[in-house]
């Protein structure tokens, strides 16, 4: 077998440095890669939740069971975090402060012992159930969690039913409201 001979022309091609067109193609691909990685990183960071504890959209620590208002007292207004904490005979509910009709902010009326929307007159019971008016459903609520001082879950609102949760006997139990988890109110007939 004879050794393969390489022509001087082919040998010269192998040793030629990268030409301008190839360099520009490589530079374009590298810059496109950096751009793609940058956009992917920014998208990932944008998608992360930004809600901190104590802000609307996050978990709010309300206090302990010991500091809850009595059943006969008016509900507590948490204006900054947009909910009412209502202690009813059935238990505890956190009601979203936006009317289910057109999004107005409703108020508690202590004389009539119910929530009344000032815009169009929708009325709701202390636990958020629809009474009358143009609203299509009962008030929306947030999930309420009651935890032991050690952080163990004692009771939590069932998102399927939205029923008030019973208040435990432990006065040191901590009440938290998750304003990131909204329960849509039930439609009325």
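The values are calculated or read from the model by the stated rules, or taken from the named source; none is laboratory data. This is a predicted model, so every value here is computed, not measured. Neighbour counts are summed over all protein chains in view; Cβ atoms, including those assigned to glycine, are modelled from backbone coordinates with ideal geometry.
Residues of region 148-166 that are surrounded by 18 or more Cβ atoms within 10 Å (Cβ to Cβ) and at negative phi: 157, 164, 165. Residue 138 passes every criterion in (1) within 25 Å of residue 60 (Cα to Cα); (2) free of Cβ contacts under 8 Å to residues at least 40 places away in the same chain apart from (2). Here residue 154 does not qualify as in contact with a helix residue (DSSP H, G or I) (Cβ under 7 Å, 6 or more places away or on another chain) and part of a strand (DSSP E or B). The residues of region 89-117 that are touching a residue at least 60 places away in the same chain (Cβ under 8 Å), surrounded by fewer than 22 Cβ atoms within 10 Å (Cβ to Cβ) and within 25 Å of the chain's Cα centre (by Cα), listed by number, are 91, 96. Within region 118-150, the set of residues being in a strand (DSSP E or B), over 15 Å from residue 98 (Cα atoms) and under 26 Å from the mean Cα position of the chain (by Cα) comprises 143, 144, 145, 146, 147. Tell me, please, whether a residue that is at pLDDT 85 or above and surrounded by fewer than 13 Cβ atoms within 10 Å (Cβ to Cβ) can be found in region 168-186. So far as region 168-186 goes, no, none of its residues is at pLDDT 85 or above and surrounded by fewer than 13 Cβ atoms within 10 Å (Cβ to Cβ).
Here is a yes/no grid of residues against (1) out of contact with any strand residue (DSSP E or B) (no Cβ under 6 Å at 6 or more places or on another chain); (2) modelled with pLDDT of 85 or more:
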position: 83; (1), (2): no, yes
position: 86; (1), (2): no, yes
position: 117; (1), (2): yes, yes
position: 132; (1), (2): no, yes
position: 141; (1), (2): no, yes
position: 155; (1), (2): no, no
